[in-house]
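The values are calculated or read from the model by the stated rules, or taken from the named source; none is laboratory data. Keep in mind it's a predicted model, so treat the numbers as computed, not measured. Note that we place each Cβ from the backbone using ideal geometry, even for glycine, and neighbour counts take in every protein chain shown.
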Amino acid sequence: MSVKQRRYKLFEDFDKVNNFLVDNYSIKKMNGYLLQPFWEYAHTHPAFNHKMTHHFGIWEDDGKAVAIVCYETDLGECFLFAGERYEYLYEEMLTFAEQELSIHSEGKKKLRIWITEKQKVLFNMLVLGNYSMISKEPINIYKYDKGFKDYILPEGYSILSLEDENDIKKIHHCLWKGFDHGNEPDDDVDSMLFMQSGPHFRKDLSTIIKAPNGEYACFAGMWLDEKNHYAYLEPLAIVPEYRRLGLASIALTEAMKKTIPFGAAYCFGGSHKFYNAMGFETIGYREAWEKTW
């Protein structure tokens, strides 16, 4: 076994890491929350810094990816995940992360590392490395075998998929206002097209709730890992003036139902209490650890 490390090459290695994350998925450790849909969605997000992906590290055994160090959107944060037989690499991976992914400010370095509570090897290393846990949030899933609640769609509203209608400007408006960026969206409509460019992006699984006036009131994007039989929600946004009508619950439920014919048995949701109110269960926690040196 001869493991070699090198820098990540965006165009060459994207699919290689995709496959690695799928092949090594474990509901027990959840890949340090570096799930394949999480990885792909990040690459198509407008905030993702493509220019710095050469700071990612990839470890290969006989040309096959066995470990990855990367950020979600930009330098200063980090995810580390190694295959089950390669956890001995974490010490080397952490050193690489501190060198390549930390940010520099006022003569000091700073790095935030995300792990799940079940990554015991990394947990111990971070404690010994003088990292401090600064936040902790639940990992929630909805198990399909519990069934789905029946929600009533308000009169005049309709449920669509992106195959039915895909108005990019309306999507941009919905996500902009839904994530409380302000009343008037900027003109970066192209970023919405870019978000639909991922190789596993599914128009048929995405769900829109259209208001009586024609606006998109709610948008739920849904991703799928067919091999590991789970769905992944990202993003879920609802325009403020349409909140408290049950639209987010309806869109999310419809999006989850769409993944059943493709073998999904559960869906990852967000950490907000809304998900627990819908019936999502907390199966663990992900933690942010930080160090300044």
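Overview of results
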read-out	value
Residues satisfying the stated conditions in segment 181-210, i.e. buried (at least 18 other Cβ atoms within 10 Å of the Cβ) and either touching a helix residue (DSSP H, G or I) at 6+ places or on another chain (Cβ under 6 Å) or not assigned by TED's automatic domain parsing to the domain that holds residue 247 (or both)	192, 198, 205, 207, 209
Single condition residue 136 does not satisfy, out of (1) closer than 24 Å to residue 230 by Cα; (2) assigned by TED's automatic domain parsing to the domain that holds residue 201; (3) in contact (Cβ under 8 Å) with a residue 24 or more places away in the chain	(2)
Complete set of residues in segment 20-40 that are at pLDDT 95 or above and either in contact with a Phe, Trp or Tyr (Cβ under 6 Å, 6 or more places away or on another chain) or among the aliphatic types (A, V, I, L, M) (or both)	21, 22, 34, 35, 37
Segment 64-114, subset aromatic (Phe, Trp, Tyr) and under 19 Å from residue 286 (Cβ atoms), residue surrounded by the most Cβ atoms within 10 Å (Cβ to Cβ)	81
Any hit, segment 10-22, residues being buried (at least 16 other Cβ atoms within 10 Å of the Cβ), in contact (Cβ under 8 Å) with a residue 12 or more places away in the chain and part of a loop (DSSP other than H, G, I, E, B)	no
Total residues in segment 232-249, condition under 20 Å from residue 43 (Cβ atoms) and free of Cβ contacts under 8 Å to residues at least 60 places away in the same chain	2
Flag if residue 250 is within 22 Å of residue 277 (Cβ to Cβ), among the β-branched types (Val, Ile, Thr) and in a helix (DSSP H, G or I)	yes
Residue in segment 52-63 that is surrounded by the most Cβ atoms within 10 Å (Cβ to Cβ), counting only those that are under 20 Å from the mean Cα position of the chain (by Cα) and assigned to a strand (DSSP E or B)	57
Residue match in segment 72-85 (condition: modelled with pLDDT of 95 or more, touching a His at 6+ places or on another chain (Cβ under 8 Å) and closer than 30 Å to residue 258 by Cα)	yes
